[in-house]
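The values are calculated or read from the model by the stated rules, or taken from the named source; none is laboratory data. For clarity, every value in this text was computed on a predicted model and none was experimentally measured. Reconstructed Cβ throughout: ideal geometry from the backbone, glycine too, with neighbour counts over all protein chains shown.
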Amino acid sequence: MSLIGHQEARRTVCSALSRGALAHALLVTGEAGIGKRAFAEWVVRASWCEAASDRIPCDECPSCRKVLSANHPDLHLVARDPDHEHGSRHEVTVNQIRLGVIPALGLRPLEASGHAVIIDNADEMNEEAQNALLKTLEEPPRGSRLLLTTSREDVLLDTIRSRCQTLRLSPLEDADVKQLCAARGMVVDELLLALARGRPGRLHELSLFDVPALCVAFDGVLSGRLAATAFGRACSEELDRARERLDELTQQAEDTTSAGGPEIDDTRLRRTLLDVLRTHLRDLVLLRSGASSSACLTPAPADPEQLPEAEPLLAADAVLMEAAEDLRRHIPPQVAWSGLGLGLATIGVGVRTGSRP
């Protein structure tokens with residue numbers, strides 16, 4: 001399937017390829033779910049296409065088809081992977097780089113003019129892995145190209161960023177997201193479309209959740225109608241249901257790409273759940289500041305007067321950030337969700353027991 005959106009970045013790549021001036025190392029940046037890996041794969045197809053017109057890949061030739069199915073022998077995909085011989089579910093390891101990427105680039109390419117390596121979510125490389133990649137970034141084998149994708153550019157070492165040409169991707173227009181969803185057989189929910197904010201990958205992840213139910217639970221713990229422990233259970237149960245929905249979609253499709261994007265694991269699901277809660281919190285702050293519900297991306301609470309004032313709501317953002325940090329530090333999810341519920345309940349209780357106008 002042809003890439004949709006990111007026209008300006010594609011024009012930059014096509015122009016550079018036509019002049020033989022595309023950098024050997026590209027850092028593709030942009031928000032999570034914006035399509036960075038799909039763009040990186042498009043760059044590889046544009047580089048290797050056997051029937052490209054104006055450097056635009058045909059997506060029909062054997063080379064393009066092999067890249068699209070991730071079966072090209074000269075394309076190497078690297079990501080956090082617990083099932084990989086040298087992988088981990090927490091990070092991209094140094095052995096994935098040292099024993100996987102570097103030796104592969106030293107071999108003669110089988111079909112293409114060189115090797116291509118896509119390191120998806122390169123910010124998940126640990127520091128040792130990043131340092132192991134430096135020499136290859138600086139002096140890659142002839143014809144090789146390395147593409148690193150990230151939504152957290154600041155996490156990468158300065159020495160990594162300085163050796164790459166940066167391509168920044170912007171959110172897609174809603175019309176492009178709808179076109180992409182139609183091509184994948186997805187039904188577009190207008191609420192989720194607004195919440196995705198031009199990020200097709202995030203739209204797919206959001207579709208696995210009951211977003212209104214999450215917002216109701218969030219409102220409930222802040223207002224005291226829902227206990228902190230019950231809120232933690234609600235988050236865990238919603239994640240379980242999301243996994244079940246994802247399994248159903250995966251069984252119906254030939255692979256996770258045709259189901260809507262790159263493989264989705266628990267880490268991505270947890271980040272999406274937290275993203276929903278943070279967006280809803282932002283909406284509550286807007287409502288408390290006098291904004292209309294039309295400015296909100298998530299469902300407005302049934303009774304906004306039962307919620308804390310704007311200032312304590314801002315403090316709730318720190319609680320959500322702490323939960324995100326807990327998950328990044330691999331604290332068990334059940335503990336993170338319970339701590340999140342307790343932190344939000346404490347904010348709510350503190351406000352309700354104080355003086356209010």
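Key figures for this structure:
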quantity: Some residue of the stretch 273-283 being in a loop (DSSP other than H, G, I, E, B) and either touching an Asp or Glu at 6+ places or on another chain (Cβ under 8 Å) or among the small types (Gly, Ala, Ser) (or both); calculated: no
quantity: Yes/no for THR150 being in the same structural domain as ALA104 (by TED's automatic domain parsing), buried (at least 16 other Cβ atoms within 10 Å of the Cβ) and in contact with a Lys or Arg (Cβ under 8 Å, 6 or more places away or on another chain); calculated: yes
quantity: Selected residue (criterion: nearest to the chain's Cα centre (by Cα)) from residues of the stretch 46-74 that are among the aliphatic types (A, V, I, L, M) and assigned to a loop (DSSP other than H, G, I, E, B); calculated: ALA70
quantity: Selection count, the stretch 212-234, where residues are in contact with a Ser or Thr (Cβ under 9 Å, 6 or more places away or on another chain) and more than 12 Å from GLY341 (Cα to Cα); calculated: 3
quantity: Qualifying position, being part of a helix (DSSP H, G or I), surrounded by fewer than 21 Cβ atoms within 10 Å (Cβ to Cβ), in the same structural domain as ARG278 (by TED's automatic domain parsing) and within 21 Å of the chain's Cα centre (by Cα), among LEU214, LEU193; calculated: LEU214
quantity: Which numbered condition GLN306 misses (of (1) polar (S, T, N, Q); (2) loosely packed, with under 14 Cβ neighbours inside 10 Å; (3) more than 28 Å from the chain's Cα centre (by Cα)); calculated: (2)
quantity: Count - residues of the stretch 79-113 that are more than 13 Å from THR136 (Cβ to Cβ) and outside any helix (DSSP H, G or I); calculated: 22
quantity: Positions within the stretch 161-171 being out of contact with any strand residue (DSSP E or B) (no Cβ under 7 Å at 6 or more places or on another chain) and either touching a residue at least 60 places away in the same chain (Cβ under 8 Å) or among the aromatic types (Phe, Trp, Tyr) (or both), in sequence order; calculated: SER170, PRO171
